[in-house]
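The values are calculated or read from the model by the stated rules, or taken from the named source; none is laboratory data. Quantities reported herein were computed from a predicted structural model and do not represent experimental measurements. Neighbour counts run over all protein chains shown; Cβ positions are idealised from the backbone, glycine included.
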Amino acid sequence: MKEIVEERYQLCILLKQLYKRYPNKLSIFAKPCHIKVLFGVFLSTLYTEIASLGEHYKNISFLNIHENKLVSGYNRHILIRIWNTETYETIATLREDFGSVSCITLHENKLYSGCRRDYTIRIWNKQTYEEIAILRGHTSLVRCLTLHENKLYSGSNDATIRIWAGTHTQTYEEIAILRGHTSFVTCLTLHENKLYSGSNDRTIRVWNTRTYVTIATLRGHASQVRCLTLHENNLYSGSFDKTIRVWNTRTYETIATLRGHDSQVRCLTLHENKLYSGSSIPDNTIRVWNTQTYETIATLRGHTDSVECLAIHENKLYSGSGDDAIRVWKIGEIESKTKKRKRE
């Protein structure tokens, strides 16, 4: 396989050079869609499944990676697993009688998890796997968590976002409650002192992280906003309306609408100018998009249930699904080869 990839890589380089030299005679290579048709087999080799992690419970809904450790959460089970990203072996399993996990995030030496049953946020020592603290305040389950400048942001089914200070000092005081959404807060992301929140009310709200005032409300999706991610000055939002919208983070206008999934878009992640999106039943695929042309580069198939979560680490894509599997995909062989050649 490596020999085939190398040969096709060399062919692409040659064709690129020829097109620059003879653009009128090789105009077929002017459009990315034409290259995709001609080299579809080659493109598929860039996204090959290399492993499947076992010993699961149903509905793997959350993945996060930090320092060669993969953390997986299970939406309907009292379970968090920590995996070694090199050996794919289980390092630890966190179990407590507090109800199923609703979300997880990592920061430095701590793991934060939301609980479905008692609406709390639990904080764990990532080295010893011992529980450090419990945060209470939400009146319904915590759906999403993110950290920024020693503050923890939590979104909940109670339609609020709570902000907790003291993640560095371990005081964990609630300092603000953001109200404005009229339904579940499903996703959060931060960039340049702005907090972006997606909701079942079909909107995305933009908040000032210093004043906690709403800056803008983005409307356009026909169904709930499930996931958010940022790249440079673009915000990407995935929705149950089967689309991904691209927004300018300065003008708050829609730049593009990505269509291709046959079902709900449940998760998004970015890596080296590529957007990865996971979809639910009956689609069950991961699509790879070019963030400059907004075209589909590849479609990854293998899961037999909804793709609930995605994470990327060291040119590997991890996908969690309701089919009781975490799949590991090798990505970006062209990019890694290019970088190696430049260094040489």
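Quick look at the numbers
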quantity: Residue count for region 152-208, restricted to those that are of a type in the set (S, T, N, Q) and at pLDDT below 95; calculated: 5
quantity: Candidate set from region 125-147 (those that are under 23 Å from the mean Cα position of the chain (by Cα) and modelled with pLDDT of 90 or more); member that is surrounded by the most Cβ atoms within 10 Å (Cβ to Cβ); calculated: Val142
quantity: Flag if Thr304 is without any contact (Cβ under 8 Å) to a residue 12 or more places away in the chain and outside any strand (DSSP E or B); calculated: no
quantity: Failed criterion for Phe240 (all others in (1) within 23 Å of Ser61 (Cβ to Cβ); (2) surrounded by fewer than 17 Cβ atoms within 10 Å (Cβ to Cβ) hold); calculated: (2)
quantity: Test: residue in region 87-100 that is assigned by TED's automatic domain parsing to the domain that holds Leu230, in contact with a Phe, Trp or Tyr (Cβ under 8 Å, 6 or more places away or on another chain) and either touching a residue at least 40 places away in the same chain (Cβ under 8 Å) or under 21 Å from Trp207 (Cα atoms) (or both); calculated: no
quantity: Residue list for region 38-68, restricted to those being closer than 18 Å to Trp124 by Cβ and either in a loop (DSSP other than H, G, I, E, B) or modelled with pLDDT of 85 or more (or both); calculated: Leu63, Asn64, Ile65, Glu67, Asn68
quantity: Positions within region 189-237 being more than 25 Å from Asn290 (Cα to Cα), surrounded by fewer than 17 Cβ atoms within 10 Å (Cβ to Cβ) and of a type in the set (Gly, Ala, Ser), in sequence order; calculated: Ala216
quantity: Check on Arg287, among the basic types (Lys, Arg) and either touching a residue at least 40 places away in the same chain (Cβ under 8 Å) or within 26 Å of Ile65 (Cβ to Cβ) (or both); calculated: yes
quantity: Which numbered condition His107 fails, given (1) of a type outside the set (Ser, Thr, Tyr); (2) farther than 20 Å from Lys69 by Cβ; (3) touching a residue at least 60 places away in the same chain (Cβ under 8 Å); calculated: (2)
quantity: Region 322-340 - residue that is modelled with pLDDT of 85 or more and assigned to a loop (DSSP other than H, G, I, E, B) and, of those, surrounded by the most Cβ atoms within 10 Å (Cβ to Cβ); calculated: Gly322
quantity: Single unsatisfied condition, Ser102 versus (1) surrounded by fewer than 21 Cβ atoms within 10 Å (Cβ to Cβ); (2) assigned to a strand (DSSP E or B); (3) modelled with pLDDT under 90; calculated: (1)
